[in-house]
């Protein structure tokens, strides 16, 4: 008579595999996220090819431009998933809109003020920290897996108090002391503009109640820009607003406040 041991072994293996398939991991439903990243992109914000600069002796001409540079980005958000895939998100983002200036002398009568002003403008960097307040939707796939992707879309408002127009440098006064000279004035830099973002990333479960995430995001913002040169220095130039795309790469840490337990049978 043939031994029943091979049959018993096959049945045991089948039952074990079925039990493992029946088990599922826990699923995050409500979470709070803190993220830190870097923003880049945007390119040139504005460029003026011929800006008159009146000196004591004559009128010189400068070429000016302002461009975005890399800056830090901080994210605080809360997300709730009522089901397996679609979730709702609210977010406060400290979005870095840092800029830097460039200046070149086009025509000059040899004024020292022109040289000093253009040199110091060319070294100027501006912080440009702005707050983006938004809400949106998040869609995740395979959320019970330890590593799963997601995508998001958010809309809201961008609030900033940093001027994207004001341009100034330093010259040497008659007393021999350095003095601030404003080329473009902007006495009311505060703006509130629409904000949109599209992005996606991947979540890694690192323990019960904790997750790490990496996200790439395209932030669309509207900011003021200089349209054309002024006749003299020290006044506000003609301006308008322009849409810009800034990319951010963010590493986030999730604290899971509510989760749905997986099957344990």
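Annotations for the structure displayed:
- Meets criteria (surrounded by fewer than 16 Cβ atoms within 10 Å (Cβ to Cβ), at pLDDT below 95, touching a strand residue (DSSP E or B) at 6+ places or on another chain (Cβ under 6 Å) and in a strand (DSSP E or B)) for residue 72: yes
- Looking only at residues of region 163-184 that are assigned to a loop (DSSP other than H, G, I, E, B) and at pLDDT 90 or above, we find that the one that is farthest from the chain's Cα centre (by Cα) is 166.
- So residue 232, is it modelled with pLDDT under 95, surrounded by fewer than 16 Cβ atoms within 10 Å (Cβ to Cβ) and under 28 Å from the mean Cα position of the chain (by Cα): no
- Which listed residue is at pLDDT below 95, under 30 Å from residue 182 (Cβ atoms), outside any strand (DSSP E or B) and out of contact with any helix residue (DSSP H, G or I) (no Cβ under 9 Å at 6 or more places or on another chain), from 57, 10: 57
- Taken together, the residues in region 78-136 that are surrounded by 14 or more Cβ atoms within 10 Å (Cβ to Cβ) and under 30 Å from residue 157 (Cα atoms) amount to 30.
- If you go through region 202-211 and keep only what is touching a strand residue (DSSP E or B) at 6+ places or on another chain (Cβ under 7 Å) and either surrounded by fewer than 16 Cβ atoms within 10 Å (Cβ to Cβ) or assigned to a loop (DSSP other than H, G, I, E, B) (or both), you end up with 202, 204, 206, 209, 210.
- Scanning region 110-134 for residues that are assigned to a strand (DSSP E or B) and under 20 Å from residue 224 (Cβ atoms) yields a count of 7.
- Residue in region 135-144 that is out of contact with any helix residue (DSSP H, G or I) (no Cβ under 8 Å at 6 or more places or on another chain), within 30 Å of residue 234 (Cβ to Cβ) and either at pLDDT 95 or above or in a strand (DSSP E or B) (or both) present: no
- Verdict on residue 193 being closer than 21 Å to residue 226 by Cα, surrounded by fewer than 17 Cβ atoms within 10 Å (Cβ to Cβ) and touching a strand residue (DSSP E or B) at 6+ places or on another chain (Cβ under 6 Å): yes
- Checking each residue in region 44-65 for being surrounded by 15 or more Cβ atoms within 10 Å (Cβ to Cβ) and under 18 Å from the mean Cα position of the chain (by Cα) picks out only 45.
- Restricting region 145-162 to residues that are touching a strand residue (DSSP E or B) at 6+ places or on another chain (Cβ under 7 Å) and not in a strand (DSSP E or B), the residue that is surrounded by the fewest Cβ atoms within 10 Å (Cβ to Cβ): 146
The values are calculated or read from the model by the stated rules, or taken from the named source; none is laboratory data. Keep in mind it's a predicted model, so treat the numbers as computed, not measured. Every residue, glycine among them, receives a Cβ derived from its backbone with ideal geometry; neighbour counts consider all protein chains shown.
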